[in-house]
1. Kindly state, to the nearest 0.05, the FRET efficiency for V55 paired with R130, given R0 = 25 Å and r defined as their beta-carbon distance.
2. Under the 0.36 nm per residue contour assumption, what length would be gained going from the current alpha-carbon distance of E169 and T141 to full extension?
3. Given H placed 1.01 Å from N in the peptide plane, which residues other than close sequence neighbours of T187 have an amide H under 5 Å from its amide H?
4. Apply 1/(1 + (r/R0)^6) to the Cβ-Cβ distance of N152 and S176, taking R0 = 41 Å, and write down the FRET efficiency to the nearest 0.05.
5. How far apart, in nm, are the 7 Å Cα→Cβ label points at N108 and D73?
6. Tell me the label-point distance for the pair E183, S98, using the 7 Å Cα-to-Cβ offset, in nm and rounded to one decimal.
7. Could you run the Karplus curve 6.51 cos²θ - 1.76 cosθ + 1.60 with θ = phi - 60° over the range 122-138 and give me ³J(HN,Hα) per residue in whole Hz, x for Gly and Pro?
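Nothing in this text is a laboratory measurement; each read-out follows from the coordinates by a stated rule. None of the values given here were measured: they were computed from a predicted structure. Here the Cβ positions follow ideal geometry from the backbone for every residue, glycine too, while neighbour counts run over all protein chains shown.
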Amino acid sequence: MISKPGLQLTKNSRVFATFTLSAALAAAIVLTPTGAFAKVYNALPGESTLTYGMVHPMHKFSGVSRDFKCEVDLSADTVSSKIRVVAPIKTFDTGNASRDSHAMEMTNALKWPNVTFASTLVKPEGAGYRVAGDLTFHGQTRPVDFLVTPKNVDGKVEITGGFTVTLTEFGVERPSLLFVPVEDKLTISFDLFSKL
């Protein structure tokens, strides 16, 4: 994790990452092979992580959240499953308190404190599942879709995956360092765990 005082753009990235990761985690959990019956799964806080990555011409940086809520209502037929995620923007840690505070301002976190996701589709695809839904961040709602891959590990379900969004599609101004803006692309990856 990079923590330089001048990089005050990470919070925006975190918010996007938090919400999406949460959504992915939920989706993966719901779709595990053990889900032959209706059941509710919750992401394990502290064990599950949501990571975002951004690129500036001078360096790359990332932020991690371990404190977000993800609930999956798993249906017997999978396709009727529902995933709901709530990720507080303040939970993303870049290792720099000043940068995190500035990010809260840039993303209007007092007005829109959470990033949320609600699934509209969950279906088997390849070795995992495709999840689609509505991602709301910075007062904007946009459709997103991504693949998740679940597996059983030591009595838990682990779900991994990732996807990419852009800052501009959510109305967030690209942060700059030395008058040079970061790339618009925000890469999100997740490693989620839930009890079976």
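1. FRET efficiency, V55 to R130: 0.40.
2. Result: 9.1 nm gained on full extension.
3. Counting only residues 5 or more places away or on other chains, the set is G53.
4. For R0 = 41 Å, the calculated efficiency reads 0.40.
5. The two pseudo-label positions are separated by 3.0 nm.
6. Calculated label separation equals 2.7 nm.
7. 9, 8, x, 7, x, 8, x, 9, 9, 10, 10, x, 9, 9, 10, 8, 6
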